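Here's the structure, in structure tokens; my notes come after.
The values are calculated or read from the model by the stated rules, or taken from the named source; none is laboratory data. Computed from a predicted model, the values in this text were never measured in an experiment. A quick note on method: Cβ atoms are made from the backbone with ideal geometry, for glycine too, and the neighbour counts reach across all protein chains shown.
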Amino acid sequence: MKYLFIISFLFTACYSITAQNAVFKTNIQLMELEELKAEIFESEKEYKIAFIFDQFCLASRDIFPDLDKLYKNSTQKNFDLFVVTNNKEKKQQDLEDHLFYYGYEEPFYIIKDKPLLGFFKKTILNICDSCDYKEMGYSDFIVFNENNEVLVQTNYNQTKEEHISILKKYMQ
Amino acid sequence: MKKIILLFYLIALPIFAQEEYTYNFKNSDSLDAYIERYELPFQEEDIYITKDFENSFRPYSESKFLRSPRIYVFNAEGQFLESINNITSEKKLANFKKIRKRPEKNEPSLDFWTSKIVHYKTGNDYEDPKNYDYTFVVNWDLIESEQTEQLIEIYSEWYNVLLRQKAKGENIQIILLNIDLQERWELSPYMRKFVLENVNRSWGE
């Protein structure tokens with residue numbers, strides 16, 4: 001019994017040291033819009049969430065810590081999250097720094113063929129042709145089911161609390 | 001002379017206006033309680049306080065090195081590079097290439113400051129023979145105010161990102177310097193009263 005306790009203690013101590021020293025890695029992928037659409041639609045998860053993000057937008061910065069908690073605390077992992085950023089390819093390092101600073105591990109996507117104008121219209125219509133892109137802003141998101149049907153499309157009239165409460169439902 | 005010291009001290013203290021807050025002396029228990037209450041991710045071995053009032057706290061208070069929340073960055077030679085606040089922290093702490101390279105002129109070295117601090121629990125002098133590429137002195141205090149939640153977020157973000165940098169392999173040292181008034185100074189009852197009266201009168205104004 002004494003040895004069992006010692007082994008268990010050592011295991012816990014080693015695990016805690018490993019966890020503390022774990023090297024943090026960001027997850028940024030560069031892809032074209034079509035590739036992103038394929039990535040979302042080919043996911044076999046129950047829910048697919050496409051979240052529109054801007055590193056310098058206050059609404060995005062405000063909601064993301066809560067989203068991050070939901071992401072890190074999810075136990076069932078019944079969803080895939082796609083954080084679509086409007087960063088240019090050459091600004092990848094800025095995004096990298098932002099994610100490193102806050103410890104965000106979520107998958108972020110930079111669009112290679114990001115249009116000079118009309119990022120919202122082109123990006124949103126590409127992944128959801130039935131969505132009203134004019135109603136959406138940074139920190140809005142679309143939830144698809146496993147058949148790629150739209151379950152929810154948020155809009156900029158909704159509050160942060162409303163967004164979080166919707167995310168809670170799907171990020172289990 | 002003491003009044004002059006206190007004047008410097010009052011000027012140097014952080015300005016997060018709150019009328020209700022009453023200053024008092026702190027000890028390792030009050031620091032631990034604050035850390036536990038607000039779930040600060042601080043590791044015990046990184047926490048330091050000023051050694052005494054006259055020879056340690058006074059030089060700090062007469063300098064620009066007693067502001068909070070603030071980080072003071074020193075290079076491998078112990079030269080002061082720059083201070084980081086919550087506006088510049090994201091850029092500089094996530095990417096050390098963005099930290100100023102040229103030391104500031106006429107500023108005391110890291111050794112000068114670290115000779116004035118002790119570990120908050122053991123009271124042992126700061127001693128670290130290892131050479132680091134950067135040393136980050138993170139100033140913090142136990143002020144309770146409307147801004148406490150915001151301050152806790154800042155302290156946590158700063159410490160966590162520096163721990164991530166360490167885990168990534170950056171050769172850095174982190175000193176969490178608590179800048180509160182300390183029981184450990186063992187001031188006479190007269191001096192304690194004098195210090196508190198002056199500090200708290202100033203904050204009420």
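Table for the structure above
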item	result
Among (1) free of Cβ contacts under 8 Å to residues at least 24 places away in the same chain; (2) within 14 Å of chain B (Cβ to nearest Cβ); (3) aliphatic (A, V, I, L, M), the one test that residue A:116 misses	(2)
Listing of strands (runs of 3 or more DSSP E) fully contained in region A:73-172 that carry 3 or more residues being closer than 30 Å to residue B:96 by Cα	A:79-85, A:107-111
Subset of region B:155-170 (residues that are under 23 Å from residue B:117 (Cα atoms), touching a residue at least 40 places away in the same chain (Cβ under 8 Å) and either within 13 Å of chain A (Cβ to nearest Cβ) or out of contact with any strand residue (DSSP E or B) (no Cβ under 6 Å at 6 or more places or on another chain) (or both))	B:156, B:158, B:159, B:160, B:162, B:163
Residues located in region B:90-108, provided they are more than 26 Å from residue A:100 (Cα to Cα) and touching a residue at least 40 places away in the same chain (Cβ under 8 Å)	B:108
Selected residue (only one of A:139, A:130 is farther than 23 Å from residue A:159 by Cβ, of a type in the set (Gly, Ala, Ser) and either crowded, with 16+ Cβ neighbours inside 10 Å or touching a strand residue (DSSP E or B) at 6+ places or on another chain (Cβ under 7 Å) (or both))	A:130
Scope region A:27-56; condition within 14 Å of another protein chain (Cβ to nearest Cβ) and at pLDDT below 95; matching residues	A:55, A:56
Scan of region A:47-80 for residues that are touching a residue at least 24 places away in the same chain (Cβ under 8 Å), among the charged types (D, E, K, R) and surrounded by 15 or more Cβ atoms within 10 Å (Cβ to Cβ), ordered by number	A:48, A:54, A:66, A:68, A:80
Matching option when the condition is within 14 Å of chain B (Cβ to nearest Cβ) and of a type in the set (A, V, I, L, M, F, W, C), among A:70, A:99	A:99
Residue A:112 being touching a Pro at 6+ places or on another chain (Cβ under 6 Å) and either more than 22 Å from residue A:44 (Cα to Cα) or not charged (D, E, K, R) (or both)	no
Checklist (1) touching a Lys or Arg at 6+ places or on another chain (Cβ under 9 Å); (2) acidic (Asp, Glu); (3) within 14 Å of chain A (Cβ to nearest Cβ) applied to residue B:180, failing item	(3)
Residue within region A:127-136 that is under 22 Å from residue B:156 (Cα atoms) and of a type in the set (A, V, I, L, M, F, W, C) present	no
